[in-house]
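Data first, discussion second: the structure below is written as structure tokens.
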Amino acid sequence: MAPKTPVQDHVEPAEQDRHAPNAICFGCGPANPKGLRIKSRWEGDAFVLRFTPREEHQAFPGVLNGGIIGTLFDCHMNWSALTTLLKERGYDTAPCTVTAEFSVKLRRPTPFPAEVTVVARPTKVDGKMVSMEAEMFAEDKKTATASGLFVEVDESHPAHHRWG
């Protein structure tokens, strides 16, 4: 089940705003006015995203598009991996992580316009690699699950800190 913590005004900024305020990524970039602009935060041992889709995010009337679902999972799990490494390694600044692979299972239609909650948890940290699992909930039902592998990259990688 999705965490039952109330939605509230957070004192702490979202991880995306804290570490990459100029990023233009479609899914997680705070500086992309046409993007999803997700906001992810740690709530205990779970990394939580609450997202309210817009009209243009529908696959057909009343159902959230699968590509939007995949983007929510990809960006949210990547930020969970990044912040996991940040906390575990005691880095001064956020590392740069990229998606090596991810998969999504659409278990039932995700209703629109319901708010969705995505809960991610790291399952394994192995060197520069973080394995992730995540679940999506809408209207108190699990609608999709995902897993992925995210890798910390250095300056030689073309995506290294290209957040904007």
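Numbers for the structure displayed
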quantity: Test: Ala144 is in a strand (DSSP E or B), buried (at least 17 other Cβ atoms within 10 Å of the Cβ) and within 13 Å of the chain's Cα centre (by Cα); calculated: no
quantity: Hits in the stretch 110-126 (condition: more than 16 Å from Thr84 (Cβ to Cβ) and outside any loop (DSSP other than H, G, I, E, B)); calculated: Pro111, Val116, Thr117
quantity: Answer from Phe26, Phe47 - the residue that is buried (at least 21 other Cβ atoms within 10 Å of the Cβ) and either farther than 18 Å from Ser147 by Cβ or not aliphatic (A, V, I, L, M) (or both); calculated: Phe47
quantity: Of all residues in the stretch 147-164 being part of a loop (DSSP other than H, G, I, E, B), of a type outside the set (Gly, Ala, Ser) and out of contact with any Asp or Glu (no Cβ under 9 Å at 6 or more places or on another chain), the one that is surrounded by the most Cβ atoms within 10 Å (Cβ to Cβ); calculated: Trp163
quantity: Residue within the stretch 127-134 that is surrounded by 20 or more Cβ atoms within 10 Å (Cβ to Cβ), in contact (Cβ under 8 Å) with a residue 60 or more places away in the chain, part of a strand (DSSP E or B) and out of contact with any Asp or Glu (no Cβ under 7 Å at 6 or more places or on another chain) present; calculated: yes
quantity: Residue list for the stretch 29-43, restricted to those being without any contact (Cβ under 8 Å) to a residue 24 or more places away in the chain and either surrounded by fewer than 17 Cβ atoms within 10 Å (Cβ to Cβ) or in contact with a strand residue (DSSP E or B) (Cβ under 6 Å, 6 or more places away or on another chain) (or both); calculated: Asn32, Pro33, Lys34
quantity: Members of the stretch 68-97 found to be part of a helix (DSSP H, G or I) and aliphatic (A, V, I, L, M), listed by number; calculated: Ile68, Ile69, Leu72, Met77, Ala81, Leu82, Leu85, Leu86
quantity: Single condition Asp92 does not satisfy, out of (1) surrounded by 14 or more Cβ atoms within 10 Å (Cβ to Cβ); (2) more than 16 Å from the chain's Cα centre (by Cα); calculated: (1)
quantity: Verdict on Thr83 being surrounded by fewer than 19 Cβ atoms within 10 Å (Cβ to Cβ), of a type outside the set (Phe, Trp, Tyr), at pLDDT 95 or above and within 14 Å of the chain's Cα centre (by Cα); calculated: no
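The values are calculated or read from the model by the stated rules, or taken from the named source; none is laboratory data. In this text the structure is predicted, and so the values were computed from the model without any measurement. Neighbour counts are summed over all protein chains in view; Cβ atoms, including those assigned to glycine, are modelled from backbone coordinates with ideal geometry.
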